[in-house]
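S.K.: Please see the structure below; I have some questions.
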Ligand SMILES: [Zn+2]
């Protein structure tokens, strides 16, 4: 059995609610980026183009950055963060939980 969850327009991390925004041609310091966690704006920007699975991994990645910053002292490297995001994505898929990005406006 598979459960398809509508893509979230907001997520709450450590008590703060972040907007989840899809942005085409997302970039950071001149380089293409799949996701950006913007604490000062309470926003998570994700690259709008590409497969939904990658958006899910990118969302998990940015959420882990937020949890790390708020609760773990920001100690995780980007490589560890990415590994955890892929691991959580695989775990959710194993439970049959998918995020449907077609519903995100
Ligand atoms: Zn990162």
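Bear in mind that the values in this text are calculations on the coordinates, not laboratory data. Values in this document were obtained by computation on a predicted structure and should not be read as measured data. All Cβ positions, glycine included, derive from the backbone under ideal geometry; neighbour counts span all protein chains shown.
S.K.: Taking the chain as a Gaussian network, where each spring joins two C-alpha atoms under 10 Å apart, which residue of 59, 92, 46 fluctuates the most?
M.R.: 92
S.K.: Something else now. Tell me whether the chain comes out rounded, prolate or oblate; compute the Cα gyration tensor, take square roots of the eigenvalues as a ≥ b ≥ c, and use a/c under 1.5 as the rounded threshold.
M.R.: Rounded, since a/c falls under 1.5.
S.K.: Quick one: compute the contact order of the chain, relative version, from alpha carbon pairs under 8 angstrom and 6+ residues apart, as a percent.
M.R.: Contact order relative to length: 33 percent.
S.K.: Along Cα→Cβ, 7 Å out, is where each label goes; now give me the distance between the ones at residue 22 and residue 90 in nm to one decimal.
M.R.: 2.7 nm
S.K.: Quick one: among 29, 41, 79, which has the greatest mean-square fluctuation in a GNM of the chain with alpha-carbon springs under 10 angstrom?
M.R.: Highest fluctuation of the listed residues: 29.
S.K.: Okay, moving on. Provide the gained length on full extension for the span residue 33 to residue 49, in nm with one decimal, where the gain is 0.36 nm per separating residue minus the Cα-Cα distance.
M.R.: Using 0.36 nm per residue and subtracting the Cα-Cα distance, I get 4.7 nm.
S.K.: Still on this model: In what order do 80, 57 fall by count of nearby beta-carbon atoms within 10 Å, going from fewest to most?
M.R.: Ascending Cβ contact count within 10 Å gives the list 80, 57.
S.K.: Now, a different point. Choose one answer from 40, 48, 85: the residue with the largest mean-square fluctuation in a GNM of the chain with alpha-carbon springs under 10 Å.
M.R.: 40
S.K.: Computed FRET efficiency, Cβ-Cβ of residue 67 and residue 42, R0 22 Å: what is it to the nearest 0.05?
M.R.: Result of the calculation: an efficiency of 0.90.
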